[in-house]
1. Using the reciprocal of the averaged 1/r over all distinct C-alpha pairs, how large is the Kirkwood radius of segment 274-364 in Å?
2. Quick one: angle between helix 262-281 and the longest Cα principal axis of the chain, in degrees between 0 and 90, rounded to 10, please.
3. How high is the relative contact order of segment 262-404, in percent, counting Cα pairs under 8 Å that sit 6 or more residues apart?
4. For a quick check: sort 205, 221 by the number of other beta carbons within 10 angstrom, fewest at the front.
5. On the first, second and third principal axes, largest extent first, how far apart are the outermost C-alpha atoms of segment 218-348 in Å?
6. Let a ≥ b ≥ c be the square roots of the eigenvalues of the Cα gyration tensor of segment 171-286; is it rounded (a/c under 1.5), or, if not, prolate (a/b larger than b/c) or oblate?
7. Based on the alpha-carbon gyration tensor of segment 331-405 and its eigenvalue square roots a ≥ b ≥ c, which shape applies: rounded if a/c is under 1.5, prolate if not and a/b is larger than b/c, or oblate?
8. Would you list 57, 382 from fewest to most Cβ contacts within 10 Å?
């Protein structure tokens, strides 16, 4: 069957596998641990180095195992090329650099982005007189005004924002970007291609921290950029070669293996998350729950942007006692949920954004973004949902009892 006829649940199992082999296809892509490759003649090596012939010379330039992962993501996201990097931050850095910024260029970034992403834009690119302006991407009229005023080269958003779980109206943001000759970069880490394919909604570049849902088992780190215009490909390859943020073949193999169960994991995790989010709403120790299915305005966008019947596997909640101390007490009381500064793994993880993912942001910027000291973020795993609920309930009950004393 043609690949485009296959459902993504089928494609995640086969994408990137059994390609480039004349005979005797291995059922699973092997790990090419070699750092360098040799040729029968210098003429062959010269042709590969010159781009006239397909092949591999040096793993910093490319590796068959890494290529298999890139081809898998290309099959899942669409586009014309994918390039892998050593981490999600390296991938985002490369994506921004590939947009040919120069001193005086402007980036308009969602106010709800991952804290390290904002730090990268403000602290690193800011040193080169590249200005980053933040905007509320959920307020389209305001965003359009900011873009018209600043004439940016790039808009950057997340499909599902970290940590307040707002679903981006990618179609509308792409229209705003393109009407002002800007490119839209979408970080699709929280959604994965199983829930959303941003190119279908007008995005120009898609970025992933493959460390999260794509890998799914807390044992591999990597990042990917997928593009739909050939013009960025050479730049992305050059950045990989020269900056050296290269994904090693061992990590690529682990991520490729994780992708095979992405559909199964996401179905269970999204189902679990919806149950947990609904239960959290009624607990007296919780003042508000952030989850797309519980927000009528965001739910309408989610129904159009995300896979039907799914609204993600991430939840965040604001404690009624909106303090760091209360958040720490609640998290310390958890027995099953893992306190960890990551997400997307098979086990449920819990994180305190103000002291981890958004720690480097100033308190004023955190407050502006809606990240309070009593905010706790959950990445819901594949465990039995009743076990997850029992653990979260007992932790919140302990928090409520302490607050009553």
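Any read-out appearing in this document is the output of simple, stated calculations on the displayed coordinates, not a laboratory observation. Worth saying up front: this structure is predicted, and the values here are computed from it rather than measured. FYI the Cβ positions are ideal-geometry reconstructions off the backbone, even for glycines, and counts take in every protein chain you see.
1. 14.7
2. So the inclination is approximately 20 degrees.
3. Computed over segment 262-404, the figure is 30 percent.
4. Working: 205 28, 221 21.
If I rank by nearby Cβ atoms, fewest first, I get 221, 205.
5. 54, 35, 28
6. The shape class here is oblate.
7. Verdict is oblate for segment 331-405.
8. 57, 382
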